[in-house]
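All remarks here apply to the structure that follows.
The values are calculated or read from the model by the stated rules, or taken from the named source; none is laboratory data. Note that the structure is a prediction, hence the values are computed from the model and not measured. Here the Cβ is made from the backbone with ideal geometry for all residues, glycine too, and neighbour counts use every protein chain on show. With ligands, DNA and RNA removed, areas are computed over all heavy atoms of the protein, side chains included. Shrake-Rupley method; radii C 1.70, N 1.55, O 1.52, S 1.80 Å.
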Amino acid sequence: MELKLQGEFIKLGQALKAAGLAESGSEAKEVILDGLVQVNGETDTRRGRKLYAGDVVTFNGEEINIED
């Protein structure tokens, strides 16, 4: 799945919501804090993590490619 940036970056929690992998901000926060989300192959528990073009988010068997 591809997610196009509207600005310079998107935050991790926002990306999960925008891609439809989390129904709400609180759900996104939970799965991130529970260590279920990976950014570029490494678990990241910061929902405010800034994602830039080229980053890859993996959650629940789904992959989100961040693009310009």
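For the stretch 5-18, which positions are outside any helix (DSSP H, G or I) and either in contact (Cβ under 8 Å) with a residue 24 or more places away in the chain or within 10 Å of Leu51 (Cβ to Cβ) (or both)?
Leu5, Glu8, Phe9, Ile10, Lys11
Is it the case that the stretch 19-27 has a residue that's in a loop (DSSP other than H, G, I, E, B) and either of a type in the set (Phe, Trp, Tyr) or more than 18 Å from Glu2 (Cβ to Cβ) (or both)?
yes
Among the residues of the stretch 37-65, which ones are free of Cβ contacts under 8 Å to residues at least 40 places away in the same chain, closer than 12 Å to Leu12 by Cβ and assigned to a loop (DSSP other than H, G, I, E, B)?
Matches in the stretch 37-65: Asn40, Asp44, Thr45, Arg46, Arg47, Gly48, Arg49, Asp55.
Every residue in the stretch 36-55 that is open to solvent by 40 Å² or more (accessible area, probe 1.4 Å) and under 16 Å from Lys4 (Cα atoms), please.
Lys50, Tyr52, Ala53, Gly54
Being more than 14 Å from Arg49 (Cβ to Cβ), of a type outside the set (Gly, Ala, Ser) and either surrounded by fewer than 12 Cβ atoms within 10 Å (Cβ to Cβ) or in contact (Cβ under 8 Å) with a residue 24 or more places away in the chain (or both) is the filter here; which residues of the stretch 19-35 pass it?
Of everything in the stretch 19-35, those that are more than 14 Å from Arg49 (Cβ to Cβ), of a type outside the set (Gly, Ala, Ser) and either surrounded by fewer than 12 Cβ atoms within 10 Å (Cβ to Cβ) or in contact (Cβ under 8 Å) with a residue 24 or more places away in the chain (or both) turn out to be Leu21, Glu23, Asp34.
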